[in-house]
Amino acid sequence: MVCLLDVMNSKPCSMRLLYNKEMSGLMQVFFVADHLLKRYVPKVHKHFEKEHVHISMFAPQWLGTVYTNSFPFDLVTRVWDIFLVEGWKIVYRVMLAILRNFEKKLLGMNFEEIMKFLRLLPQMIDGSEIIKNALKIRLSNKRISALDRKFKQEQK
């Protein structure tokens with residue numbers, strides 16, 4: 001049985017560093033998410049760069065809370081079921097699936113429109129569809145670990 005202490009301290013979840021004084025874990029999650037966005041949804045990544053939308057402007061409410069902040073309950077429960085077994089891979093996959101799902105809309109928006117849209121987006125989500133699409137994304141723990149290592153090396 002998984003308890004909150006295990007979720008905070010142990011793999012595959014290891015959430016404690018998200019909430020330390022330096023927020024080093026959250027910065028690492030943003031780093032990985034940004035690199036994955038660039039690889040898996042490159043047009044959105046490029047458009048976000050052009051519009052000066054940084055991952056830290058929306059990811060705290062998504063990744064930092066593992067979607068519990070404002071997403072529909074059906075999505076949250078499915079994400080957490082998988083998260084407790086698989087760890088961060090599902091969190092990144094869901095982010096990528098969401099941004100892929102709304103790619104065409106996002107590409108036609110300016111900074112203000114993007115920020116408003118991302119704030120309202122959780123209520124537009126079909127949890128089952130997002131999970132189905134997220135699980136189709138070919139993302140390995142090896143790729144995530146490599147990005148984690150790259151982040152740690154760059155922090156030295």
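Here are a few things to note about the model shown:
- Each residue of region 53-65 is assigned a 3J(HN,Hα), and the resulting list reads 9, 8, 3, 5, 7, 9, 5, x, 6, 9, 7, x, 10 Hz, derived from the Karplus form 6.51 cos²θ - 1.76 cosθ + 1.60 (θ = phi - 60°), x at Gly and Pro.
- Three-way shape call for region 75-156 based on the alpha-carbon gyration tensor, with the a/c threshold at 1.5: oblate
- R0 of 30 Å, Cβ-Cβ distance V85-E49: FRET efficiency to nearest 0.05: 0.35
- Most mobile of M27, M95, M57 in a GNM of the chain (Cα contacts under 10 Å): M57
- Net charge dipole size for the chain [Lys, Arg +1 and Asp, Glu -1 on Cβ; Debye, nearest 20]: 640 debye
- Both radii were evaluated on the Cα set of the chain; the Rg over Rh quotient, with Rh as the Kirkwood radius, amounts to 0.94.
- Around M57: net Lys/Arg minus Asp/Glu count, Cβ-Cβ under 15 Å: -2
- Other residues with beta-carbon under 13 Å from the beta-carbon of N101 carry, at +1 per Lys or Arg and -1 per Asp or Glu, a net charge of +3.
The numbers here are math on the coordinates, done by the rules we state, and not lab data. These numbers come from a predicted model, not from an experiment. All Cβ positions, even for glycine, are placed from backbone atoms using ideal geometry, and neighbour counts span all protein chains on display.
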